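Participant: Okay, handing you the structure first.
The values are calculated or read from the model by the stated rules, or taken from the named source; none is laboratory data. Quick caveat: nothing in here was measured; it's all calculated off a predicted structure. With ideal geometry, Cβ positions are generated from the backbone for all residues, glycine too; neighbour counts draw on all protein chains shown. Accessible surface is based on the protein model in full, side chains and every heavy atom, while ligands, DNA and RNA are left aside. Shrake-Rupley method; radii C 1.70, N 1.55, O 1.52, S 1.80 Å.
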Amino acid sequence: MAALPKKKVSKARRGKRTLAHGFKPAELVACPRCGKLKTTHTVCPHCGYYKDRLVFEPKEKTKVTKAKKE
Ligand SMILES: [Zn+2]
């Protein structure tokens, strides 16, 4: 006889284990305006544009650009 589990795994225990199986990383696409990666269907955080419309003025100095320069 093959090895068998000693106890039935309850629905709650099985659910807790498999909870994260459906999680997916956010889809990233290149921004058509600045070329940097952004999540789909959102305003680009780098240039502030969404579908050729300026939503907000991007700040020139950010922590990301500072880290790249140094
Ligand atoms: Zn952009």
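Participant: In the set 28, 4, which member is without any contact (Cβ under 8 Å) to a residue 40 or more places away in the chain and within 30 Å of residue 54 (Cα to Cα)?
Facilitator: On the way: 4 fails: within 30 Å of residue 54 (Cα to Cα).
That would be 28, the only listed residue that is without any contact (Cβ under 8 Å) to a residue 40 or more places away in the chain and within 30 Å of residue 54 (Cα to Cα).
Participant: To continue, here is another question. Out of (1) open to solvent by 100 Å² or more (accessible area, probe 1.4 Å); (2) without any contact (Cβ under 8 Å) to a residue 12 or more places away in the chain; (3) within 23 Å of residue 52 (Cβ to Cβ), the odd one out for residue 33 is which?
Facilitator: (2)
Participant: Taking residue 14, is it modelled with pLDDT of 85 or more and of a type outside the set (Ser, Thr, Tyr)?
Facilitator: The answer is yes for residue 14.
Participant: Do you know which residues across segment 20-44 are in a strand (DSSP E or B) and more than 10 Å from the ligand (Cβ to nearest atom)?
Facilitator: Within segment 20-44, 28, 29, 39 qualify.
Participant: Something else now. Which of (1) open to solvent by 70 Å² or more (accessible area, probe 1.4 Å); (2) under 23 Å from the mean Cα position of the chain (by Cα); (3) within 16 Å of the ligand (Cβ to nearest atom); (4) modelled with pLDDT under 90 is the odd one out, the single condition residue 47 does not satisfy?
Facilitator: It is condition (1) that residue 47 fails.
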